[in-house]
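These notes are about the structure you will find just below.
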Amino acid sequence: MRSGSDYLRSLDDGRQAFVDGERVTDVTQHPAFREAARSIARLYDIAAAPENRERMTFTSPKTGQPVLRAWQIPRSHADLRARRLFSETWAEATFGLMGRSPDHVAGFFSGFAAVPSVFAAGGQKFGDNIVAFYERARDEHLYLSYAIVPPQIDRSKPAHKQSDPTLYAGVVKERDDGIVISGAQQLATAGPLSDYIHLSCIHPLQPGDENYANGLVVPVNAQGLRLYPRRPFALHANAADYPLSSRFDESDCYVVFDNVFVPWEHVYIYRNIEICRDQWWKTPAHLFGNHQAQVRYATKLRFMIGLAKRMNEMTGNEAHPAVQMTMGELAALVSIVESMLLAHETAAPIDADGVLWPSRTVLYAVMAMQSEFNGRMLETIRELAGAAFITLPSSAKDFDSPETAPDIERYMASASSDAKGRVAFMRLMWDFLGSEFGSRHQQYEKFYGGASFVVKQNVYRNYDFKRATALVDQALNLPPLAE
Ligand SMILES: Cc1cc2nc3c(=O)[nH]c(=O)nc-3n(C[C@H](O)[C@H](O)[C@H](O)COP(=O)(O)OP(=O)(O)OC[C@H]3O[C@@H](n4cnc5c(N)ncnc54)[C@H](O)[C@@H]3O)c2cc1C
């Protein structure tokens, strides 16, 4: 098994991430990434712990060694449940705040490898490549991030009609031993923390866009690969005042490919618009990857409602009937997400090759409403909070000063907690809800799985409207009433 320290050691490999105009020489030492890397390292340690072997691993059919369940292709409902328990364990260790933990893209690759014929339609070697890379990533416990959306440079034009055809990441050269990629891709969350970046495109492509219709993996330290993270929240966040920003900032990065060479064995789709589309919809990849996303989200919501409950207790508002009703509504929304996850698993058919496909309709239904529900839940908690997060001292240092500590300790306590406990709790809440980190999370829940207009179209394509309209036909053809 890969340990946390194996993982951390592997990150010092010459990868290029830039912060404040400077190249970061070692992400495990830089304050922008150090604690997030250690949070991921803890996940590897949890998975490698002997007492967690059954819950976190299955046996690699190739090596006979234990490997992470995130790579297990489910062939029964019990297998999918086992994947859930694996991801739940990891999500609980990060309170659902690291969406792109190593189990996310592992789900996508498990789905690709489950239906290699989709890739072999472009040539047998591509079908072989996807299976070979999946097996290697599974057996070596690799961490993949992905960048599958083109940049918002000019969305009114297709990729090949941009002002410069090498703006969007695409093939610029074909060689005997591989291809060369240049251009940018919009986002790879956790790019600096991962081993490989998966580059492909989930946005619809048009004839003429063939150069951008690829599927491939690139090691994060590949020559010419540059990562530009957004403002790192961990940079100025101390653990006392920002307990979450300081530990779980998984870093969203713009990705630039500057003539990056990719050997053929790392390419599984090459200049093929149809296969580039089919990989998402004719394999269970999107379903497995987003199964992890929903496990993570349900965990985060449990954490969120736990925070709200503790806040009401602390402010002494818990007993108000109106507060209880509001908490009941919140609990209803959380329960809907939790139950949809179970429905996603149980309404899951098994295909002719014995692979279980989690329910599309259920998944897209909950994802479609997620951006709406999430905002509503956060707004509800703000409503319950009043000025709770605002009436706090400027930082933990105020507890150390003999001039300020007595006032703070006396007046900032609550009936159920001393001042230190109350302030620590309210800071945790603010970091979850209101800090830059909290605000980024709100954007994440809106867009991590695509804009909601796209997700609603997915529901539209998959919902059983025939069954619904058959009822209408039945109503229109009712037998005449008795005379
Ligand atoms: C924090 C965060 C992390 C992410 N991590 C990753 C990652 O690791 N890897 C990755 O590949 N992606 C990631 N994503 C998702 C991805 O990058 C996009 O944000 C997502 O697919 C939505 O696309 P977009 O941002 O280009 O929005 P757009 O497609 O530009 O849509 C934005 C808005 O414009 C309007 N709009 C645009 N087009 C239409 C239309 N045709 N019809 C109607 N309305 C329209 C809608 O209001 C829509 O909500 C992440 C996103 C966020 C916010």
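The values are calculated or read from the model by the stated rules, or taken from the named source; none is laboratory data. Every value quoted in this text rests on a predicted model; they were computed, and no experiment measured them. As a convention, Cβ positions derive from the backbone with ideal geometry for all residues, glycine included, and neighbour counts pool all protein chains shown. Note: areas computed on protein heavy atoms with side chains; ligands, DNA, RNA excluded. Shrake-Rupley method; radii C 1.70, N 1.55, O 1.52, S 1.80 Å.
Just a few scattered comments:
- Within the range 312-352, the residues that satisfy the criterion of being assigned to a loop (DSSP other than H, G, I, E, B), open to solvent by 50 Å² or more (accessible area, probe 1.4 Å) and within 27 Å of residue 449 (Cα to Cα) are 347, 349.
- Selected residue [at pLDDT 95 or above and in contact with a Cys (Cβ under 8 Å, 6 or more places away or on another chain)] from 270, 212, 242, 168: 212
- Some residue of the range 140-153 being assigned by TED's automatic domain parsing to the domain that holds residue 252 and either over 24 Å from the mean Cα position of the chain (by Cα) or assigned to a helix (DSSP H, G or I) (or both): no
- For the range 254-270, taking the residues that are under 27 Å from the mean Cα position of the chain (by Cα) and of a type outside the set (A, V, I, L, M, F, W, C), the one that is nearest to residue 174 (Cα to Cα) is identified as 270.
- When the range 378-410 is filtered for residues that are among the small types (Gly, Ala, Ser), free of Cβ contacts under 8 Å to residues at least 12 places away in the same chain, open to solvent by less than 90 Å² (accessible area, probe 1.4 Å) and farther than 30 Å from residue 328 by Cβ, the ones remaining, listed by number, are 401, 405.
- Given (1) touching a residue at least 60 places away in the same chain (Cβ under 8 Å); (2) closer than 19 Å to residue 274 by Cα, index of the condition residue 216 fails: (1)
- Members of the range 451-483 found to be out of contact with any helix residue (DSSP H, G or I) (no Cβ under 8 Å at 6 or more places or on another chain), within 16 Å of the ligand (Cβ to nearest atom) and open to solvent by less than 100 Å² (accessible area, probe 1.4 Å), listed by number: 451, 454, 457
- Residue among 149, 218 that alone is of a type in the set (A, V, I, L, M), more than 10 Å from the ligand (Cβ to nearest atom) and either over 28 Å from residue 25 (Cα atoms) or at pLDDT 95 or above (or both): 218
- Of the listed requirements (1) within 16 Å of the ligand (Cβ to nearest atom); (2) within 22 Å of residue 281 (Cβ to Cβ); (3) not acidic (Asp, Glu), residue 143 misses just one: (2).
- Looking across the range 167-176 at every residue that is more than 13 Å from the ligand (Cβ to nearest atom) and not in a strand (DSSP E or B), the one that is most open to solvent (accessible area, probe 1.4 Å) is identified as 176.
- Single unsatisfied condition, residue 143 versus (1) open to solvent by less than 10 Å² (accessible area, probe 1.4 Å); (2) touching a strand residue (DSSP E or B) at 6+ places or on another chain (Cβ under 7 Å): (2)
- Given (1) part of a loop (DSSP other than H, G, I, E, B); (2) more than 21 Å from residue 212 (Cα to Cα), index of the condition residue 157 fails: (2)
- Some residue of the range 96-109 being at pLDDT 95 or above and away from the ligand (no atom under 16 Å from the Cβ): no
- Residue check for residue 296: out of contact with any Lys or Arg (no Cβ under 7 Å at 6 or more places or on another chain), modelled with pLDDT of 95 or more and part of a strand (DSSP E or B): no
- From the list 137, 121, 114, the lone residue that is buried (at least 21 other Cβ atoms within 10 Å of the Cβ) and either over 23 Å from the mean Cα position of the chain (by Cα) or farther than 25 Å from residue 224 by Cα (or both) is 114.
- Meets criteria (of a type in the set (A, V, I, L, M), in contact with a Lys or Arg (Cβ under 6 Å, 6 or more places away or on another chain) and in the same structural domain as residue 289 (by TED's automatic domain parsing)) for residue 368: yes
- A count restricted to the range 32-50 and to residues that are in contact with a Ser or Thr (Cβ under 9 Å, 6 or more places away or on another chain) and either farther than 11 Å from residue 192 by Cα or polar (S, T, N, Q) (or both) stands at 12.
- Test result for residue 377, in a helix (DSSP H, G or I) and touching a strand residue (DSSP E or B) at 6+ places or on another chain (Cβ under 6 Å): no
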